[in-house]
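The values are calculated or read from the model by the stated rules, or taken from the named source; none is laboratory data. These numbers were taken from a predicted model, which means no experiment stands behind them. No Cβ is skipped: glycine too gets one built from the backbone with ideal geometry, and neighbour counts run over all protein chains shown.
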């Protein structure tokens with residue numbers, strides 16, 4: 001049997017996305033989104049658990065969408081998990097797991113609005129485009145069809 005590496009998130013951006021370029025000239029945008037689970041504990045007290053996720057968007061998609069990825073904006077992200085390893089200044093190995101996005105949909109919420117039952121106000125979609133330098137970004141993206149209501153998990 002094969003394996004699956006897929007992540008689907010709906011969350012709010014914690015700050016504006018940053019756009020940079022690899023040494024080969026490939027654009028890459030990065031941002032962080034927060035997802036919050038709300039639940040009641042055993043005593044009936046309301047609790048929240050917020051998780052932060054690093055998102056990386058490559059190629060022409062990164063250039064096209066980074067200006068729309070502003071703090072508080074709600075987005076839908078679909079991609080795969082990727083873990084990077086590096087050595088810090090003290091010589092210790094460090095790891096960072098991020099979502100390498102191949103699909104990003106801007107949703108209507110902003111300014112901290114949650115996903116709880118909201119419908120997207122904007123149907124803008126940014127599908128991945130082939131990357132210029134597959135060596136620097138570890139691969140390329142395939143085009144994605146425009147999402148319909150069945151594609152959005154709420």
Where residue 59 falls short, out of the listed (1) buried (at least 18 other Cβ atoms within 10 Å of the Cβ); (2) farther than 16 Å from residue 13 by Cβ; (3) modelled with pLDDT of 95 or more: (3)
Sole miss for residue 115 among (1) within 17 Å of residue 7 (Cα to Cα); (2) at pLDDT 90 or above; (3) assigned to a loop (DSSP other than H, G, I, E, B) is condition (2)
So residue 12, is it exposed (fewer than 13 other Cβ atoms within 10 Å of the Cβ), in contact (Cβ under 8 Å) with a residue 12 or more places away in the chain and within 15 Å of the chain's Cα centre (by Cα): no
Cβ pairs under 7 Å, 6+ apart, first in the range 99-117 and more than 17 Å from residue 48 (Cβ to Cβ), second modelled with pLDDT under 75 and outside any loop (DSSP other than H, G, I, E, B): 103/127; 104/126; 105/125
Looking at 104, 99 in this structure, which one is under 15 Å from residue 29 (Cβ atoms), outside any helix (DSSP H, G or I) and at pLDDT 95 or above? 99
Restricting the range 20-56 to residues that are farther than 20 Å from residue 102 by Cα and under 18 Å from the mean Cα position of the chain (by Cα), which is surrounded by the fewest Cβ atoms within 10 Å (Cβ to Cβ)? 37
